[in-house]
Ligand code: HEM
């Protein structure tokens, strides 16, 4: 790869070494289909011991330089951020994630980010709390009905949280066009499911072009999503400024993007200039951003909610401590207020610890824009760097001997003091391209978990199997069945 430096040792994925490690990990851990984390992390920590905090790992034909030293991570995201750019997702992933904020670069990315940012501003999100509470209430009310005979109900929370999050993201994206938006996002959910098959078989060259049943369904859904979105955008453009705005979410993403596109077509002096400017917002940009927000927000947030519920079910003493706080602060109020939510310190610590142990996004990738020096190595232009969020979050050198254990108390003095380095915690990424939906995700998680704690005690169902697995995101491979009992 042309990477040079005194500390550098080329790691070519020594198969014998992998096999030894694999059998050692199998002896300690459960079978592969169960909990893969000890295995992945033991490989990683073993390599780190041998090769240091930077080593090259091969993903098929692509070598990626793994960087896990927080001081170097700071260089990449803060001190030398202008020297790095996002890598392009493979075409298949890009089709699923949309050509929006996640993958855009340069001026176009900055222009879109500035337009969309107000949707996720705390003042805008505050207005969404009653609606989020209502979505929770409706679902929880249904459980209470199911519970009346047995006094308990078993819920597959990962599916349940996906529906809840879908509802909230639909409102943030579409505001008053919620009903239509919901139908479109349901199509997108189906499309993501079918496209995942091609993603799993990405090692078969050209698989995504083969007319398999799932591929054909995915292509049809893609066309349908685009058509429905364009129809909705067209109508909202005609009504912009009157029917588009909802009280729940006045700055919904669709409204902001449409206003910007109307401004671009009317105002030559806007940042994007006339419609002929490459920065001007087009209907296609709006379509792609809607797809991106749904893709980026849905499974990440529902995974955070799922892992937090699982962890609280596994650790009843923390569940009790969090419940005591919720009942003290929120009392019997149906939906906690924004001020209530801000006071839930223990719950905040628990969410951070959940994001540390099970970060939904397990890694971030950047590409060197030019030749440079990093950590004493010469890195040529084009090198891909992998920042292994999951491994950094589990590194005993940063998080002490109990790095693999659930201990929310480590966040008692705030995020900056939880580890030996402030850059050791990065579930939402770092720097200018950190997650735009962080506030929404955290607010929804605080509200949903607080409302569950207010009403139920919960434990793992006997059928639960602890199997964190990575398919794009870190999710429970066999779902998360949880038994809830009314308090
Ligand atoms: C970016 C994680 C929720 C939308 C990111 C990045 C991470 C991340 C790690 C940075 C990627 C990189 O630098 O390459 C998470 C986690 C979430 C979450 C853990 C929930 C627990 C959301 C939500 C939304 C969202 C709710 C929207 C509704 C985005 C977008 C970007 C992004 C659009 C790209 C930002 C940019 O490049 O300007 N997220 N995310 N995320 N996230 Fe999230």
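Throughout, read-outs are computed from the coordinates displayed, never taken from laboratory work. All figures in this text were calculated on a predicted structure; none of them were measured in a lab. Please note: Cβ atoms are built from the backbone with ideal geometry, for glycine as well, and neighbour counts cover all protein chains shown.
Using the count of nearby Cβ atoms within 10 Å as a rough guide to exposure, how do 325, 145 rank from fewest to most? Spell out each step's value before the answer.
On the way: 325 19, 145 9.
The order, fewest Cβ neighbours first, is 145, 325.
May I ask for log10 I(q)/I(0) of segment 400-444 at q = 0.20, 0.23, 0.25 Å⁻¹, from a Debye sum over the Cα atoms as equal point scatterers with solvent left out? Result of the Debye calculation: -0.81, -0.97, -1.05. For the chain, averaging the sequence separation of C-alpha pairs within contact (under 8 Å, six or more residues apart) and dividing by the residue count gives a relative contact order of 24 percent.
Rounded to two decimals, what is Rg over Rh for segment 79-212 when you use alpha-carbon atoms and the Kirkwood radius?
1.06
As a proxy for reagent exposure, 262, 471 were ordered by neighbouring Cβ count within 10 angstrom, fewest first; the result is 471, 262.
Under 18 Å from a label point set 7 Å out along the Cα-to-Cβ vector of residue 486, the amide N atoms of segment 122-138 belong to 137-138.
Descending by average beta-carbon neighbour count within 10 Å, the peptides 108-118, 386-396 line up as 386-396, 108-118, the highest first. For segment 286-412, taking Cα atoms only, Rg and Dmax work out to 19.3, 60 Å respectively.
Against the 2.2 N^0.38 Å scaling, with N counting residues, where does segment 29-131 land? I'd like the Cα-based Rg ratio to two decimal places.
1.50
Note on the chain: Cα-only Rg and Dmax are 23.2, 69 Å. Which residues does the label zone of residue 220 cover in segment 174-191, counting backbone N under 20 Å from a point 7 Å along Cα→Cβ? Output list for this probe position: 183-191. Rounded to the nearest 500, the 222 nm mean residue ellipticity of the chain from helices alone is -16500 deg cm²/dmol, with -39,500 (n - 2.57) taken per DSSP H run of at least 4 residues.
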